[in-house]
There are 2 protein chains.
Amino acid sequence: MRILLVGAGGVGDSIVKIAANRNFYELIVVADYDPARAQRSVDWVTDNRRDVAHRFIATSIDASNSQNVAALVAEHKITHVMNAVEPKFVQSVFQGALDGGANYLDMAMSLSHTHPTDPFNTPAEKLGDWQYDRSSEFATKNLLALIGTGAEPGISNIFARYAADHLFQEIDEIKILDGGNLVVKNDAGEEIFAPSFSIWTVIEECLNPPLIWEKDRGWFTTPPFSEPEVFEFPEGIGAVECVNVEHEEVNMLPRTMKANRVSFKYGLGTEFINVLQTLHALGLDRIEPVSVRSQAGRVSVAPRDVVAAVLPDPASLASRMTGKTCAGTLVTGTGTDGSPRATYLYHVADTEWTNEHYGSQAVVWQTALVPVISLELLASGTWSGTGVMGPEEFDAKPFLDLLRDDYGQPWGLDDRDPQNPGKL
Amino acid sequence: MRILLVGAGGVGDSIVKIAANRNFYELIVVADYDPARAQRSVDWVTDNRRDVAHRFIATSIDASNSQNVAALVAEHKITHVMNAVEPKFVQSVFQGALDGGANYLDMAMSLSHTHPTDPFNTPAEKLGDWQYDRSSEFATKNLLALIGTGAEPGISNIFARYAADHLFQEIDEIKILDGGNLVVKNDAGEEIFAPSFSIWTVIEECLNPPLIWEKDRGWFTTPPFSEPEVFEFPEGIGAVECVNVEHEEVNMLPRTMKANRVSFKYGLGTEFINVLQTLHALGLDRIEPVSVRSQAGRVSVAPRDVVAAVLPDPASLASRMTGKTCAGTLVTGTGTDGSPRATYLYHVADTEWTNEHYGSQAVVWQTALVPVISLELLASGTWSGTGVMGPEEFDAKPFLDLLRDDYGQPWGLDDRDPQNPGKL
């Protein structure tokens, strides 16, 4: 397996570090718009895993240019393009892999477009639709695009598949629930507002109309922050207010899995929801530039870019953050024994541990972990396929076994009261 | 009286329109950085009050340049400089009047500087300190600087003085309370977030440490939004959450009035407080420029300027706004009859009325009303003095009589339960 990793930001860097502990690949070309950033990741391997350092190369790439991606595929005889850049580059990287004749993986999918007149009821283009529409192009070339294989989407899909295969005879609802108790402190030890993921992406996810799927109704949308509920997360995280947000799983799982309802809830917490609602009420989430006075005369900036500029860079937070993040899937229905069942399957990452071992904060590291394992399963042939597929289309057990036994990452399974599955 | 009005923004324009109904001046030179804006105000007089139009001239001015102010004073033989620009130009306009040999008036005072190490306990330079320090320079030239003579500070000070002279034998506390029920709707009829005053100034007022004065302690500061209380405003406005904010009155009244405590509370309402706290938590209130990506490359903008840019221009809101604003002073202590007394003295402006009659929204119009009456009292010699003085240093009764009888603006006086003065 010869991998082109596109993007050496927080997630890309963690992919390098996690992969450097494994042995399933022949080459990883680390490519970034900023070649120095790619080199930093490769230097870490040189410093920490000298035995595999010769398998890593740093180079530069323009992820917005599919020809540039295809050229690197050809130059390095790449078999798998691992996309780790912002979702707005999904189409060009995906197309570049296809044109270059390589398999493709990502952790976030092509962006959605809201319905022009009925945004809070009717979906228009959903997350990943653009990619699913090109499945036959990959299949024709005998190539696989494994999309949405990060933490969420990714391990959340794998948990759903595991539940369907091993825990349930009939599934009523699949509800992805993501939450944590991460806290960032400033130098004075005071808690500060600092999202652990790009605020740009967080706003995109949270202010877009949430997507829900129901068997009888198909896909539909709601206003932002709908159906708030308090869910108790495991391992000491505790109760967090969760709301519906737009997320890939809802477009993925109903394609091949049987259920009555699929939804995604994000444990934003009351404070974060308030911040996002305030930004939206003021128009500070907008991406259309506004004219602003400056010492250099009037300039044109997108308010959302200004919000991103005033907040701490998520990549810089690792050492100032404490707490855990939990990616998981609540499945309800009829268990294999015929009785009502509600099970929350999850993986928790502790940010002090990830920072100590990888210099990464937990959300970023957890996102990076899943594609590395996916690549390893593809390398060994345990997972195989062609066309555009999600991780829920592969056997979940070898993934979860590898995760626990070889990557040393336990995952959990909480059976809960089917009448009140939000309570631990 | 020959007046140089510096600034033809919302307040300056209203000063022109209110003054055009009166007859106490020989000349008003309307000066703005943008001469077209000054001309618009003068054109309104030509169109609506042809009889006095010959007394108005439009010209341009750089309010940041005291020599420019002094030159206009000389050119037009100005007797009174009326400052109606942003507080950051107070020093240059004030100095220009002094240098040119003219009397001076303003509605907001020189800016404060917070204490470098103990901002939430200890005041450093207070609002207006810079001006009070120059009192003898005005007095030596036999000139008056009547500072803080708008709505608040201004009519609030006059109410305090009236209460001291006519309603109380001993004052315990003077608490200025400003509140309203103004609402702005968009074209679809939905309520939108749109401050009725420059967001730049609102942030400055509300996020600076509030100033409080106590007889035994002197001036001290607190963290923002301290001592929240719900106060019921009169004339249908109703209950509004009010918090301490930094305001001029607290530096003004204790200089010449007897009381145990002086404070200022702003009826921001729960939603607005939340917005300001969120902006502050994210750092979007900052005035130091940050580097932001843009289509023209990286640019440098102050986050607070971006917030101002995304919000509707307060000057554009008049026709979309409904509701009332109330400027008033709650005085508690021992009444003239020797029994406990709590009286709220106030003036209310209804924004639909001010818009219909003056094309101004209520807050701006109310601010403009007070200096015009002050100028009229100075022109008639009813008020006179030298040095730097606040409106509370003049007899309040002729002001309030003129307000009611000649300007047709009733003012109110609510006697309240001394045990619970927040309730109507």
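The values are calculated or read from the model by the stated rules, or taken from the named source; none is laboratory data. Treat the numbers as computed from the prediction; the structure is a model and nothing was measured. Positions of Cβ are backbone-derived with ideal geometry, glycine not excepted, and every protein chain shown enters the neighbour counts. Calculation scope for accessible area: heavy atoms of the full protein, side chains included, ligands and nucleic acids excluded. Shrake-Rupley method; radii C 1.70, N 1.55, O 1.52, S 1.80 Å.
Does at least one position in segment B:219-239 carry a residue that is within 14 Å of chain A (Cβ to nearest Cβ) and open to solvent by 30 Å² or more (accessible area, probe 1.4 Å)? Show your work before the answer.
Of segment B:219-239, the ones within 14 Å of chain A (Cβ to nearest Cβ) are B:223.
Subset that is open to solvent by 30 Å² or more (accessible area, probe 1.4 Å): B:223.
Yes: one or more hits.
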Next item on the list: Determine whether A:G189 is more than 14 Å from chain B (Cβ to nearest Cβ), small (G, A, S), open to solvent by 30 Å² or more (accessible area, probe 1.4 Å) and part of a loop (DSSP other than H, G, I, E, B).
Entry: yes
Margin query: Every residue in segment A:369-384 that is farther than 14 Å from A:N157 by Cβ and touching a residue at least 40 places away in the same chain (Cβ under 8 Å), please.
Written below: A:L369, A:V372, A:L375, A:E376, A:L378, A:A379, A:S380, A:S384
Note to self: I'd like the full set of residues that are out of contact with any Lys or Arg (no Cβ under 9 Å at 6 or more places or on another chain), of a type in the set (S, T, Y) and at the interface with chain B (Cβ under 7 Å from one of its Cβ atoms), limited to segment A:279-316.
What the structure shows: A:S294, A:S300
Next item on the list: Please go through segment B:265-278 and pick out each residue that is in contact with a Cys (Cβ under 7 Å, 6 or more places away or on another chain) and within 7 Å of another protein chain (Cβ to nearest Cβ).
Entry: none
Next item on the list: Would you check if A:S14 is part of a loop (DSSP other than H, G, I, E, B), out of contact with any strand residue (DSSP E or B) (no Cβ under 7 Å at 6 or more places or on another chain) and open to solvent by less than 10 Å² (accessible area, probe 1.4 Å)?
Entry: no
Item checked: Subset of segment A:17-33 that is in contact with a helix residue (DSSP H, G or I) (Cβ under 9 Å, 6 or more places away or on another chain) and assigned to a loop (DSSP other than H, G, I, E, B) - its residue that is farthest from A:L402 (Cα to Cα) -> A:E26
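Do we find a residue being basic (K, R) and in a loop (DSSP other than H, G, I, E, B) anywhere in segment A:265-272?
No; the residues of segment A:265-272 include none that is basic (K, R) and in a loop (DSSP other than H, G, I, E, B).
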Item checked: Answer from B:D165, B:D129 - the residue that is out of contact with any strand residue (DSSP E or B) (no Cβ under 8 Å at 6 or more places or on another chain), within 21 Å of B:A396 (Cα to Cα) and either hydroxyl-bearing (S, T, Y) or touching a residue at least 40 places away in the same chain (Cβ under 8 Å) (or both) -> B:D165
Margin query: Pull out all pairs, ordered by first then second residue, where Cβ-Cβ is under 9 Å, the residues are six or more apart or on different chains, the first lies in segment A:66-92 and is free of Cβ contacts under 8 Å to residues at least 12 places away in the same chain, and the second is crowded, with 21+ Cβ neighbours inside 10 Å.
Written below: A:E75/A:V29
Notebook entry, point to check: Are there any pairs with C-beta distances below 6 angstrom linking a residue in segment B:39-51 that is open to solvent by less than 100 Å² (accessible area, probe 1.4 Å) to a residue that is among the charged types (D, E, K, R), with the two at least 6 apart or on different chains, and if so which?
Noted result: B:S41/B:D13
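Can you confirm whether A:D305 is of a type in the set (D, E, K, R), open to solvent by 20 Å² or more (accessible area, probe 1.4 Å) and either touching a Pro at 6+ places or on another chain (Cβ under 8 Å) or without any contact (Cβ under 8 Å) to a residue 60 or more places away in the chain (or both)? I'd like the intermediate steps shown before the answer.
Numbers: of a type in the set (D, E, K, R): yes; open to solvent by 20 Å² or more (accessible area, probe 1.4 Å): yes; either touching a Pro at 6+ places or on another chain (Cβ under 8 Å) or without any contact (Cβ under 8 Å) to a residue 60 or more places away in the chain (or both): no.
Here the answer is no, as A:D305 does not meet what is asked.
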Checklist line | Flag for B:V348 being assigned by TED's automatic domain parsing to the domain that holds B:F159, under 30 Å from B:P289 (Cα atoms) and either open to solvent by less than 30 Å² (accessible area, probe 1.4 Å) or part of a strand (DSSP E or B) (or both) | finding: no
Note to self: Looking only at segment A:219-246, count every residue that is touching a residue at least 12 places away in the same chain (Cβ under 8 Å), of a type outside the set (D, E) and assigned to a strand (DSSP E or B) and tell me the total.
What the structure shows: 11
